[in-house]
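Engineer: One structure is given below, represented as structure tokens, and several questions about it will come after.
Where a number appears in this text, it was derived from the coordinates with a stated rule and is not lab data. Everything numeric here is computed off the predicted structure, so don't read it as measured data. A quick note on method: Cβ atoms are made from the backbone with ideal geometry, for glycine too, and the neighbour counts reach across all protein chains shown.
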Amino acid sequence: MNTTKIRPSHTNTDEISFLWTPGEKLVELVHTPTDGLNFAIRDTGPVRDAKTFDKYSPISWLEPFVQIGALRLASCAVPNVSLDDLAERVRGFIHKYFDCSPAFESVATLYVLHTWVYEQFQAVPYLRFLGLSGTGKTRGTEVIGALCYRPLVIAGSSTPAPMFRMIEAVGGTMLLDEADFSQSQIGSDVIKVLNCGYQRGLPVTRMEKNDSGEFVPKLYEVFGPKIINGRRAFQDDATESRCLAYTPQLTDRADIPSQLPPEFYTEVTAIQNMALGWRMENLDSFAVKQIALPGLKGRGKQIAIPLLSITSAMSHDSCTQYRKDLVAFCTNLEEQAVADRRDTAEGKLVVAFVSLSESSVPTCKELVDEVLNDDHGNDPQLQRWLSPKKASNILRSMGFHTHHTNHGSEVTIDPERLSTLCKRFGVGQDEAA
């Protein structure tokens, strides 16, 4: 039985931005300066444009967002587009306007393409730019984000009230510029979106007034790809682990314009039109591929699958190079994540336990002393707050057992669970020597 998916307006249920009944029909928003918002419709014949579909019309309040570029839409659907040709156009555009490594060009190209069929995935990755001001974070977000499916810009000056409604009504790809929201009123709301939006079936819940003035729970669907840039990594390791992170650098390429020229937007529309045509012909049948990836596991494998599925739809020659670049990029991310986890209090306690447990059963105080001695005072905050009691809480949360004795709380753990922790934190045999 086919299930129709629809994105309605919150103010008028007869206004929509998207309607899809797999195998039957697909209705997409398009926009032109002369006609404004229209529908591109694929049902019983070739794709056609119309102002309405059945009882539905385009969401009228989206027009101002399109006019100022906060939301970018294709103007039509180009027929008979091959994925290889589309990938070549996307990659050439990224190279023209953004300086990055060839491997990341491959990753960015695959990221753009996966956004055009993201509804077929259970979970999607985020693209993450990290770095100091002036290194190219914003340019990367602008260039790559412009080519994605329905890029919607959410800035730090936004307020929570319209944010969830916009995301749910538009769908597509959310772009977050300078996403360091520690001093922003919407910081906690953005983190909710990021923590819930990577996987289908994790809506954000907010308490809102109904027509009777009563506060009731309201669910907002925030699933979809997102491109984020900021100066610092997220404090929450779970949020950061959902990201394909890249650190750009100041460019020395003289051929890259310092300001985006008018033809940039003309090229964006042409590529979006190709992508929309490919989407309308392939969304129903696009297959998610569960591909074995040596060296990738857990979250790293999960966030790579959507991009790997794109490579599987390419020709053999294109697939090989794109897949090679993607696996290398994700492997490097996984190695860096392990190194970062090892440098946390949890990682340092595991290292200390492996070292001390070779000769005796260590206590919480002995583990803390070992961590602080190895730290050599480099982390004043750790020196202040890590106590035997705090360490006991951390250790128990990781599966260790603590047993109070007359010389302190002894720490033990099941060998199999310790082996799993060692892999997670990158603790090898050299620590036990």
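Engineer: Just need the relative contact order of the chain here, percent rounded to a whole number, with Cα pairs under 8 Å and 6+ apart.
Structural biologist: Details: 687 pairs, mean separation 67.4, N = 433.
Answer for the chain is 16 percent.
Engineer: So if I take the centroid of the Cα atoms in the stretch 204-224 and the same for the stretch 362-433, what is the distance between those two points in Å?
Structural biologist: If you average the Cα positions of each part, the centres end up 43 Å apart.
Engineer: Specify which residue in the list V112, P306, I16 is farthest towards the positive end of the charge dipole of the chain, using unit charges on the beta carbon of Lys, Arg (+1) and Asp, Glu (-1), about the Cα centre.
Structural biologist: Going by the Cα projections, it comes out as I16.
Engineer: A further question follows. Run the numbers for D343 and N210: contour at 0.36 nm per residue of separation, minus the present Cα-Cα distance, in nm. Could the numbers behind the result be given before it?
Structural biologist: On the way: separation 133, 0.36 × 133 = 47.88 nm, distance 4.76 nm.
Result for the pair: 43.1 nm of gain on full extension.
Engineer: Further question: Tell me the GluC sites (Glu not before Pro) within the stretch 328-385 that lie in a loop according to DSSP and have at most 12 other beta-carbon atoms within 10 Å.
Structural biologist: E358
Engineer: Measuring from label point to label point, each 7 Å out along Cα→Cβ, what is the E88 to N373 span in nm?
Structural biologist: 6.4 nm
Engineer: Let me ask another. Taking every DSSP beta bridge with both residues inside the chain, roughly what % is antiparallel (nearest 5)?
Structural biologist: 65 percent
Engineer: Using the alpha-carbon atoms, what tilt in degrees (0 to 90, nearest 10) does helix 316-342 show relative to the longest principal axis of the chain?
Structural biologist: Compared with the principal axis, the helix lies near 40 degrees.
Engineer: Here's a follow-up. Given Cα pairs under 8 Å that are at least 6 residues apart, what percent is the relative contact order of the stretch 1-68?
Structural biologist: Relative contact order, the stretch 1-68: 25 percent.
Engineer: Based on the Cβ-Cβ distance of D35 and A270, what FRET efficiency does E = 1/(1 + (r/R0)^6) give at R0 = 22 Å, to the nearest 0.05?
Structural biologist: According to the calculation, E is roughly 0.80.
Engineer: May I pose another question? Quick check for me: using +1 on Lys/Arg Cβ and -1 on Asp/Glu Cβ, what's the dipole size of the chain about its Cα centre, in debye to the nearest 20?
Structural biologist: Dipole of the chain, to the nearest 20 debye: 540 debye.
Engineer: In whole Å, how far is the Cα centre of the stretch 10-55 from that of the stretch 138-155?
Structural biologist: 23 Å
Engineer: Here's another thing I want to ask about it. If the reach is capped at under 18 angstrom between alpha carbons, list the lysines near K96, excluding any in the same chain fewer than eight residues apart.
Structural biologist: Reachable lysines: K137.
Engineer: What is the angle, in °, between the Cα long axis of helix 415-425 and the longest principal axis of the Cα atoms in the chain? Nearest 10 is fine, range 0 to 90.
Structural biologist: 60 degrees
Engineer: With +1 on the Cβ of every Lys and Arg and -1 on the Cβ of every Asp and Glu, and nothing else charged, how large is the dipole of the stretch 289-396 about its Cα centre, in debye rounded to the nearest 20? Display every interim value, and only then the final one.
Structural biologist: Working: 14 positive and 14 negative charges, 113 e Å.
Charge dipole of the stretch 289-396: 540 debye, to the nearest 20.
Engineer: For the stretch 65-130 and the stretch 254-298, what is the centre-to-centre distance using only Cα atoms, to the nearest Å?
Structural biologist: If we compute the Cα centre of each part, the gap is 2 Å.
Engineer: For a quick check, take a GNM of the chain with Cα springs below 10 Å and name the residue from A123, A254, A292 with the largest mean-square fluctuation.
Structural biologist: Residue with maximal mean-square fluctuation among A123, A254, A292: A254.
Engineer: Sticking with this one: Of the residues F353, F121, F215, which exhibits the maximal mean-square fluctuation in a Gaussian network model of the chain defined by a 10 Å Cα contact cut-off?
Structural biologist: Of F353, F121, F215, the most mobile in the Gaussian network model is F215.
Engineer: Once you order the gyration tensor axes a ≥ b ≥ c over the Cα atoms, which shape class does the stretch 69-337 get: rounded for a/c under 1.5, otherwise prolate or oblate by comparing a/b with b/c?
Structural biologist: rounded
Engineer: If you don't mind, another one. Can you give me the distance in nm between label points at V361 and T320, each placed 7 Å from the Cα along the Cα-to-Cβ direction?
Structural biologist: Each label point lies 7 Å from its Cα, and together they span 5.8 nm.
Engineer: Scan the stretch 1-78 for GluC sites (Glu not before Pro) in coil per DSSP, keeping those whose Cβ has at most 12 other Cβ atoms within 10 Å, and list them by number.
Structural biologist: E24
Engineer: Mind checking the angle between helix 388-397 and the chain's longest principal axis? C-alpha axes, 0 to 90 degrees, to the nearest 10.
Structural biologist: 50 degrees
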